[in-house]
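Structure first, then comments.
The values are calculated or read from the model by the stated rules, or taken from the named source; none is laboratory data. What you see is a predicted model, and the numbers here were worked out from it, not measured in a lab. Don't worry about glycine lacking a Cβ; one is built from the backbone with ideal geometry, like all the others, and counts go over all protein chains shown. To get the accessible areas, we keep the full protein, side chains included, count just its heavy atoms, and leave off ligands, DNA and RNA. Shrake-Rupley method; radii C 1.70, N 1.55, O 1.52, S 1.80 Å.
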Amino acid sequence: MIEGISIIIILFLCYFVYKYKPQDDSELDDLRNENEFLKLKLNEFNTESKGREDSLTKIINELQSSIPKDREDFEKRNSLQSQQIKELQEKLDSETEARKKVLSQKKSGEVRLGHIAETLAPFLDQFEFDPERCSFLGKPIDYISFGDDEITFIEVKSGNAQLNQRQRQIKQLVQQKAISWKEIRIK
């Protein structure tokens with residue numbers, strides 16, 4: 001029985017060997033050619049990959065070597081810009097002080113001109129009141145004119161000068177006719 005099983009196995013093996021044996025050499029050549037072609041492509045791919053890897057490694061090394069120099073350049077530019085900012089700030093402060101000084105001098109000149117205008121106002125054409133009937137107060141209102149029909153409070157301004165808060169308050173009281181007379185007798 002073992003002999004019979006052995007014969008069946010041998011026949012079965014012969015059948016498989018015969019069935020899977022290439023029928024002709026052209027198929028085998030095609031497989032060999034395809035194998036060679038794939039080996040060539042694999043070598044080309046490996047070569048290209050190696051070339052790209054070498055190129056990337058070179059770029060990485062160049063970048064790593066340039067970082068300290070770039071950092072140093074950045075620090076120099078940063079230091080230079082900080083110095084320029086400091087100089088510009090000092091110049092700005094200086095210009096601001098000079099401007100404040102000029103503005104103060106201008107304002108002082110305008111105040112002096114205003115005082116002169118207040119003093120000379122009764123003698124100017126724009127002053128429509130009789131100077132002999134006006135009394136100079138100076139503060140908070142410049143003049144009071146005692147006319148025949150009315151008493152007028154007069155404030156003289158020059159340039160773009162505005163009424164101050166106290167003068168606006170007095171103007172409002174006069175316009176509201178919140179004026180009174182008080183007689184004080186001293187014995």
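Looking only at region 110-125, decide whether some residue is more than 15 Å from ILE154 (Cβ to Cβ), among the aromatic types (Phe, Trp, Tyr) and either assigned to a helix (DSSP H, G or I) or modelled with pLDDT under 90 (or both).
Checked region 110-125: no residue is more than 15 Å from ILE154 (Cβ to Cβ), among the aromatic types (Phe, Trp, Tyr) and either assigned to a helix (DSSP H, G or I) or modelled with pLDDT under 90 (or both).
Between residues in region 75-98 that are free of Cβ contacts under 8 Å to residues at least 12 places away in the same chain and residues that are part of a helix (DSSP H, G or I) and β-branched (Val, Ile, Thr), which pairs lie under 8 Å by C-beta distance while being six or more apart or on different chains?
Correct list of pairs: empty, since none qualify.
For region 158-182, give me each residue that is touching a Lys or Arg at 6+ places or on another chain (Cβ under 7 Å) and open to solvent by 60 Å² or more (accessible area, probe 1.4 Å). Write out each step before concluding.
As a first pass, look at region 158-182 and keep what is touching a Lys or Arg at 6+ places or on another chain (Cβ under 7 Å): 163.
Scanning region 158-182 gives no hits.
Sort out which residues of region 108-157 are of a type in the set (Val, Ile, Thr), over 52 Å from the mean Cα position of the chain (by Cα) and open to solvent by less than 70 Å² (accessible area, probe 1.4 Å), and write them in order of number.
Once the filter is applied, which keeps residues that are of a type in the set (Val, Ile, Thr), over 52 Å from the mean Cα position of the chain (by Cα) and open to solvent by less than 70 Å² (accessible area, probe 1.4 Å), region 108-157 yields ILE144, THR152.
Going through region 149-173 one residue at a time, which ones are among the basic types (Lys, Arg) and at pLDDT 90 or above? Show your work before the answer.
Of the residues in region 149-173, the ones among the basic types (Lys, Arg) are 157, 166, 168, 171.
Correct list: ARG166, ARG168, LYS171.
Looking only at region 128-155, count every residue that is assigned to a loop (DSSP other than H, G, I, E, B) and in contact (Cβ under 8 Å) with a residue 12 or more places away in the chain and tell me the total.
8
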